[in-house]
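The values are calculated or read from the model by the stated rules, or taken from the named source; none is laboratory data. If you're wondering where the values come from, they're calculated on a predicted model, not measured in any experiment. Virtual Cβ from ideal backbone geometry, glycine too; neighbours counted across all protein chains shown. SASA here: full protein model, heavy atoms, side chains in, ligands and nucleic acids out. Shrake-Rupley method; radii C 1.70, N 1.55, O 1.52, S 1.80 Å.
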Amino acid sequence: MNGAAPRSSARDEAAAGEGRGVLALRLPPSRLALLGGVYSNHIALAGAIADARRRGAQALFCLGDLGAFGPHPALVFPILRENGVVTLAGNYDDSLARGLDDCRCGYTDPRDNHFARLSYRYTFERTPAEEKRWLGALPRQVRIETGGRRLLLCHGSPRRMNEFLWESATPDAFLEKLFREHDCDALAVTHTGIKWRRELPGGLFVNVGVLGRPENDGTPRVWYTILDVHPDGSIEPTFVPVEYDHAALAREMRAEGLPDEFVETIETGWWTTCLEVLPSKERMRAKW
Amino acid sequence: MTVIPETDTTDAGAGPPRADPPLVGIEDLDELWFQVSGTLCNLACSHCFISCHPGNRAFGFLGLGDVKRRLEEARRLGVKEYYFTGGEPFLNREMVPILEETLRHGPASVLTNGTVFRDATAADLARIAKESRYSLEVRVSIDGYDASMNDPLRGDGTWEAAMRGVEVLVSHGLLPIVTIVQTWPDEETLRVLDRFRDTLRLRGYARPRIKVLPTLRIGMEASRTRGYLPHERVTPEMLEGYDAGQLLCSHSRIVTDRGVAVCPILIEAPGAHLGLGLEEALRPFAITHAACTTCYQHGAICTNLGAGGAGRDR
């Protein structure tokens with residue numbers, strides 16, 4: 001386990017940047033596409049954007065963690081910019097931008113830490129300096145007023161960008177508190193890698209899933225979320241599977257020398273690393 | 001009224017109190033702990049951080065009614081997770097109904113030595129885990145991959161008894177988290193964990209979950225190895241540039257039969273009992289105790305995910 005004191009001024013800096021870090025938008029009721037962690041999966045990212053356009057999405061948002069896990073981290077940046085995807089920062093982006101020594105996912109298992117370090121080092125070394133600066137300028141949250149609703153987009157949670165909100169470990173009362181304390185009645189996050197939603201009296205919660213790797217269900221597909229905001233203020237989330245050329249991605253990962261364990265996940269749909277953070281219900285549905 | 005325990009086994013060797021103690025506030029009550037079986041345990045481990053043993057009734061049991069009232073308070077505060085510890089929680093005959101009630105509110109974790117529950121209890125745990133939409137985590141303490149590593153710490157025959165406990169849980173479809181206190185040098189961690197995983201697989205646990213905990217030099221452990229030295233304390237200067245969100249006291253409290261204390265490690269420490277109600281107990285705490293040093297060094301180790309996994313640091 002990590003023996004060193006977990007020293008960091010990250011939270012203080014985060015607090016200092018909170019005011020600058022919120023992008024506020026006003027949009028008419030419309031169809032929005034919410035893309036979760038990309039993890040350098042440029043093929044799935046391009047596929048999801050094309051799919052969302054076909055479905056008539058009028059605005060596209062990415063909820064952060066552009067790098068990690070996959071190959072050629074520089075490739076995702078032009079795809080996001082050329083398609084006008086409004087992007088906010090995840091913990092990986094924040095670490096890369098600030099030159100931190102790891103992704104701050106908080107693993108304690110030495111095996112998980114081993115793979116997390118490999119992935120971070122690979123991504124850090126191959127992310128161009130100008131893209132790191134671009135990551136450092138991303139907002140931490142996006143607030144959207146639309147259809148009379150207050151929609152808040154962030155990476156992990158409105159409290160912390162690396163907070164895990166799993167379906168089986170997030171009580172209703174806790175979500176109601178987030179709605180109250182963060183002035184929103186619809187909240188969308190990513191970070192865990194598994195999509196879920198819950199409608200409560202205080203608001204709608206959606207974890208939009210991720211594009212970077214399958215969601216530990218034994219299929220190679222990945223997921224994003226369409227959010228339909230209707231004129232009457234109702235919001236309807238739809239989870240959309242993305243079938244992409246995962247074999248091509250696996251070939252690129254092998255050619256780059258990324259761990260076989262990562263490639264296996266892309267090919268089989270089962271997570272092989274970073275399992276420590278899964279609560280028991282989500283873990284029971286998994287293979288490993 | 002706050003009741004202060006009469007003896008302090010947590011802080012041997014402390015220097016004189018500082019005029020400017022390092023204070024840690026609490027932003028959100030994310031984890032609520034319950035000292036559900038008081039200090040009563042069927043084992044007398046030589047490294048126990050709160051001196052629990054078969055004759056220690058310094059703290060009493062919590063009943064289902066007590067827990068229900070606290071859950072209602074906790075719901076209003078938006079608590080995120082619930083933890084149950086002791087002593088040995090399954091000495092409390094209401095443990096299963098308590099967990100069942102808790103799982104209506106949120107995810108629950110119970111920390112057991114794995115030696116006392118029977119097949120029927122494991123079946124009940126599997127049932128309530130399945131019926132709830134929240135996760136039930138059963139954490140079983142086993143301090144080695146074989147009896148020669150574990151039993152000197154936890155008592156003769158306890159390794160085999162706890163491994164049987166894991167087998168029973170796994171046979172009912174549960175995925176217990178086996179916690180192991182680190183008693184080896186850092187460089188041996190991978191070897192120890194690999195061997196432990198292999199052993200658990202041989203006993204039928206195909207997907208073993210293991211969490212390593214650092215030792216806390218307090219309680220029984222202080223006399224087994226050594227307590228903290230007077231200079232091993234957190235100072236206000238050490239909190240400069242440090243993310244206090246790493247510390248358990250910045251997001252947790254524990255309910256005992258005497259009221260609410262700051263954290264599960266310090267229930268025997270003077271000054272650690274902060275009030276009778278949860279809201280009353282949400283006030284800053286001076287981290288002047290020896291055990292606070294371990295929390296400072298390792299982060300909130302007591303929770304399932306540790307500090308980073310719980311989402312601190314941003």
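Find all pairs meeting these conditions: Cβ atoms under 7 angstrom apart; at least six residues apart or on different chains; first residue within the range A:120-149 and more than 15 Å from A:Gly21 (Cβ to Cβ) and of a type outside the set (S, T, N, Q); second residue at pLDDT 95 or above and part of a helix (DSSP H, G or I). So the pair list comes out as A:Phe124/A:Leu96; A:Arg126/A:Pro73; A:Arg126/A:Ala74; A:Pro128/A:Ala74; A:Glu131/A:Ala74; A:Glu131/A:Phe77; A:Lys132/A:Leu96; A:Lys132/A:Ala97. Could you say whether any residue in the range B:148-164 is touching a Pro at 6+ places or on another chain (Cβ under 8 Å) and either under 30 Å from A:Trp166 (Cα atoms) or surrounded by fewer than 18 Cβ atoms within 10 Å (Cβ to Cβ) (or both)? Looking through the range B:148-164, none of the residues is touching a Pro at 6+ places or on another chain (Cβ under 8 Å) and either under 30 Å from A:Trp166 (Cα atoms) or surrounded by fewer than 18 Cβ atoms within 10 Å (Cβ to Cβ) (or both). Annotation note: of B:Glu280, B:Glu237, the sole residue that is at pLDDT 95 or above and among the acidic types (Asp, Glu) is B:Glu280.
Go through the range B:170-180 and count every residue that is away from chain A (no Cβ under 11 Å) and either crowded, with 21+ Cβ neighbours inside 10 Å or of a type in the set (Lys, Arg) (or both). Residues in the range B:170-180 being away from chain A (no Cβ under 11 Å) and either crowded, with 21+ Cβ neighbours inside 10 Å or of a type in the set (Lys, Arg) (or both): 1 in total.
For the range A:94-123, the set of residues classified as among the aromatic types (Phe, Trp, Tyr) and closer than 28 Å to B:Ile177 by Cβ consists of A:Tyr107, A:Phe115, A:Tyr120, listed by residue number. Determine whether B:Ile301 is within 26 Å of B:Leu153 (Cα to Cα) and either surrounded by fewer than 24 Cβ atoms within 10 Å (Cβ to Cβ) or hydrophobic (A, V, I, L, M, F, W, C) (or both). Yes, satisfied.
Filtering the range B:216-234 down to residues that are open to solvent by less than 40 Å² (accessible area, probe 1.4 Å) and in a helix (DSSP H, G or I), which residue is modelled with the highest pLDDT? Applying the filter and picking the extreme gives B:Ala222.
Somewhere in the range B:89-99, is a residue within 14 Å of chain A (Cβ to nearest Cβ) and open to solvent by less than 40 Å² (accessible area, probe 1.4 Å)?
For the range B:89-99, residues within 14 Å of chain A (Cβ to nearest Cβ) and open to solvent by less than 40 Å² (accessible area, probe 1.4 Å): present.
Table: residues versus (1) within 14 Å of chain B (Cβ to nearest Cβ); (2) exposed (fewer than 15 other Cβ atoms within 10 Å of the Cβ); (3) not hydroxyl-bearing (Ser, Thr, Tyr).
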position: A:Ala186; (1), (2), (3): no, no, yes
position: A:Phe205; (1), (2), (3): yes, no, yes
position: A:Val208; (1), (2), (3): no, no, yes
position: A:Phe239; (1), (2), (3): no, no, yes
position: A:Ala248; (1), (2), (3): no, yes, yes
position: A:Ile266; (1), (2), (3): no, no, yes
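Could you say whether any residue in the range B:195-205 is away from chain A (no Cβ under 12 Å) and in contact (Cβ under 8 Å) with a residue 60 or more places away in the chain? So far as the range B:195-205 goes, no, none of its residues is away from chain A (no Cβ under 12 Å) and in contact (Cβ under 8 Å) with a residue 60 or more places away in the chain. Of the candidates A:Cys62, A:Cys105, the single residue that is out of contact with any strand residue (DSSP E or B) (no Cβ under 8 Å at 6 or more places or on another chain) and closer than 26 Å to A:Leu275 by Cα is A:Cys105. If I ask for residues that are within 12 Å of another protein chain (Cβ to nearest Cβ) and aliphatic (A, V, I, L, M), which ones from the range A:63-122 would you list? Residues satisfying the conditions are A:Ala89, A:Leu100, A:Ala116. The number of residues in the range A:47-83 being open to solvent by 10 Å² or more (accessible area, probe 1.4 Å) and not in a loop (DSSP other than H, G, I, E, B) comes to 12. Listed by first and then second residue, the pairs linking a residue in the range A:154-178 that is free of Cβ contacts under 8 Å to residues at least 60 places away in the same chain and more than 7 Å from every other protein chain (Cβ to nearest Cβ) to a residue that is open to solvent by 10 Å² or more (accessible area, probe 1.4 Å) and assigned to a helix (DSSP H, G or I), with Cβ atoms under 8 Å apart and 6 or more places separating them unless they lie on different chains, are A:Pro158/A:Glu181.
Counting only helices (runs of 4 or more DSSP H) that sit completely within the range B:112-215, those holding 2 or more residues that are of a type in the set (S, T, N, Q) correspond to B:147-154, B:158-171, B:189-202.
Of the residues examined, B:Leu23 is one that is more than 26 Å from B:Asp151 (Cβ to Cβ), out of contact with any Leu (no Cβ under 7 Å at 6 or more places or on another chain) and open to solvent by 20 Å² or more (accessible area, probe 1.4 Å).
Taken over the range A:140-164, residues that are under 21 Å from A:Glu236 (Cβ atoms) and out of contact with any His (no Cβ under 7 Å at 6 or more places or on another chain) amount to 11.
Each row is one residue, and each column tells you yes or no for (1) within 24 Å of B:Ile301 (Cα to Cα); (2) part of a helix (DSSP H, G or I).
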| position | (1), (2) |
| --- | --- |
| A:Arg117 | yes, yes |
| A:Arg121 | no, yes |
| A:Trp134 | no, yes |
| A:Ile144 | no, no |
| A:Ser157 | yes, no |
| A:Phe164 | yes, no |
| A:Ser168 | yes, yes |
| A:Phe179 | no, yes |
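Quick one: in the range B:243-281, which of the residues that are within 14 Å of another protein chain (Cβ to nearest Cβ), hydrophobic (A, V, I, L, M, F, W, C) and more than 16 Å from the chain's Cα centre (by Cα) is least open to solvent (accessible area, probe 1.4 Å)? Among them, the one singled out is B:Leu278. Of all the residues in the range B:52-84, those that are within 14 Å of another protein chain (Cβ to nearest Cβ) and either open to solvent by 60 Å² or more (accessible area, probe 1.4 Å) or assigned to a helix (DSSP H, G or I) (or both) number 8.
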